[in-house]
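Everything below concerns the one structure shown next.
The values are calculated or read from the model by the stated rules, or taken from the named source; none is laboratory data. Bear in mind the structure is a predicted one, so any value in this text is a computation, not a measurement. Here the Cβ positions follow ideal geometry from the backbone for every residue, glycine too, while neighbour counts run over all protein chains shown.
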Amino acid sequence: MYQTKAYSAASATSPLASTSIPRREPTERDVQIEILFCGICHSDLHTARNEWSSVMQTTYPCVPGHEIVGRVVKVGSGVTRHKAGDIVGVGCLVGSDQNCPCCQENLENLCPNGVFTYNSPDKHGTAPVTYGGYSSSIVVDEHFVLRIPANLDLAGAAPLLCAGITTYSPMKRANVGPGQKVGIVGLGGLGHMGVKLASAFGAHVVVFTTSPNKREDALRLGAHDVVISHNADEMQKHAGSFDFILDCVSAEHDINTYLQLLKHDGNMTLVGAPEKPLSVSAFSLIFGRRSLSGSLIGGIAETQEMLDFCGQHNITSDVEIIPIQKLNEAYERMIKSDVKYRFSIDMSSLK
Ligand code: NAP
Ligand code: ZN
């Protein structure tokens, strides 16, 4: 075991603060990574503040961070996929049973024994729970370590590991592409990746935002149209016209207003995970035979596919790079929807 610097929350109400955490020595399957950048996902904030307590309690201290890019410093004797010096990524998953029907279909994200990068029981017993990427170093099973295409900017590549795959996976399943009208709700970290990817897939992309000042950015990011969602007239113009809508909103909102914008047999997928339940009118679904689904990140093979796609199309996240000392300020700005469009922590600030 060795110690590494990190930022952790001591309770749901305390700000994150500098600390030191244990990491295991790499086993034969492990890759030891010096973390260079870590994106800030709204899930980090939900977890640090125990906002998802009805589904999963947070264990403290909590070290969030699951949009990790770093350099391999050491590998175990059995590691074949990575070597010292490689630039790699780690997303939301660091383990799964690799045996169940989900894992056999490369859906480690749906494995009932999946291990999340933070706040999951630590099977290695290094600590009570796994600790994430707000730290200088991490040790991860090679299966969950991804290759970062060489042409991508590293600070902007980090958010691909969660925001990228979480938006890529449901859009791939929905065959988002030319001839389709696609809505992206909420222009935050996930939403802006959704816009970039949907536009790269060739769809007609419409952004729904509560922030009128994001209109120009939405168009620059690849949207063809922008709707200010509290304007009922603007919303009504799009009634019954969408093939697919991706909801990336982190807080309570009325999803019925979006469901009625779907064509018949259209689908809306929730990736946003608000603290409180959302209500659905049966009529929003039965008129038009519409469907409502959810999606959770993506499997490891699909995450690599997404990274390679982003490499080919030179897609990264629009990031505001911050030193880790600005973490708590970044959280407050995220709550105010004031992120353009992802914070990426320069981990050299932790040294
Ligand atoms: P984020 O950067 O904070 O973006 C959320 C956006 O939602 C905001 O920028 C804002 O966009 C909109 N919004 C915020 N409050 C709102 C409200 N009260 N009413 C309507 N719209 C509101 O968050 P993120 O990191 O993209 O994450 C979004 C959600 O996805 C979080 O709940 C997160 O936990 C979840 N998530 C899920 C997965 C998964 O696998 N399913 C993975 C990662 C994250 P506008 O300013 O444009 O309105
Ligand atoms: Zn995330």
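Considering only residues that are closer than 15 Å to Ser137 by Cβ and part of a strand (DSSP E or B), look in segment 55-76 and name the one that is nearest to ligand 1 (Cβ to nearest atom). Only one residue tops the list, namely Ile68. Looking at this structure, is Lys276 of a type in the set (D, E, K, R) and assigned to a loop (DSSP other than H, G, I, E, B)? For Lys276, the condition - of a type in the set (D, E, K, R) and assigned to a loop (DSSP other than H, G, I, E, B) - is met.
For segment 77-109, a residue qualifies if it is among the aliphatic types (A, V, I, L, M) and either within 16 Å of ligand 2 (Cβ to nearest atom) or under 13 Å from Ile138 (Cα atoms) (or both), and the qualifying residues are Val88, Val90, Leu93, Val94.
Considering every residue within segment 159-174, establish whether at least one is over 18 Å from the mean Cα position of the chain (by Cα) and not assigned by TED's automatic domain parsing to the domain that holds Val88.
Yes, segment 159-174 contains a residue that is over 18 Å from the mean Cα position of the chain (by Cα) and not assigned by TED's automatic domain parsing to the domain that holds Val88.
Summed over segment 1-21, residues that are part of a strand (DSSP E or B) and either polar (S, T, N, Q) or exposed (fewer than 15 other Cβ atoms within 10 Å of the Cβ) (or both) total 8. Of everything listed in (1) surrounded by fewer than 19 Cβ atoms within 10 Å (Cβ to Cβ); (2) within 18 Å of Gly89 (Cα to Cα), the single unmet condition for Phe287 is (2). Outside the structural domain of Val271 (by TED's automatic domain parsing) and more than 15 Å from ligand 1 (Cβ to nearest atom): is that true of Val139 in this structure? Criteria met by Val139. Evaluation of Ala273 against the conditions (1) aliphatic (A, V, I, L, M); (2) away from ligand 1 (no atom under 12 Å from the Cβ); (3) touching a residue at least 12 places away in the same chain (Cβ under 8 Å) shows that the sole unmet condition is (2).
Is there a residue in segment 271-283 that is touching a Cys at 6+ places or on another chain (Cβ under 7 Å), under 30 Å from Val145 (Cβ atoms), β-branched (Val, Ile, Thr) and surrounded by 15 or more Cβ atoms within 10 Å (Cβ to Cβ)? Checked segment 271-283: at least one residue is touching a Cys at 6+ places or on another chain (Cβ under 7 Å), under 30 Å from Val145 (Cβ atoms), β-branched (Val, Ile, Thr) and surrounded by 15 or more Cβ atoms within 10 Å (Cβ to Cβ).
Can you tell me which residues in segment 319-351 are charged (D, E, K, R), in contact (Cβ under 8 Å) with a residue 40 or more places away in the chain and under 15 Å from Cys41 (Cβ atoms)?
Selection gives Arg342 alone.
Could you go through segment 93-103 and let me know if any residue there is in the same structural domain as Asp153 (by TED's automatic domain parsing), surrounded by 23 or more Cβ atoms within 10 Å (Cβ to Cβ) and touching a Lys or Arg at 6+ places or on another chain (Cβ under 9 Å). No, because not a single residue in segment 93-103 is in the same structural domain as Asp153 (by TED's automatic domain parsing), surrounded by 23 or more Cβ atoms within 10 Å (Cβ to Cβ) and touching a Lys or Arg at 6+ places or on another chain (Cβ under 9 Å). Within segment 208-244, if we keep just the residues that are within 14 Å of ligand 1 (Cβ to nearest atom) and of a type in the set (Gly, Ala, Ser), the residue that is surrounded by the most Cβ atoms within 10 Å (Cβ to Cβ) turns out to be Ala223.
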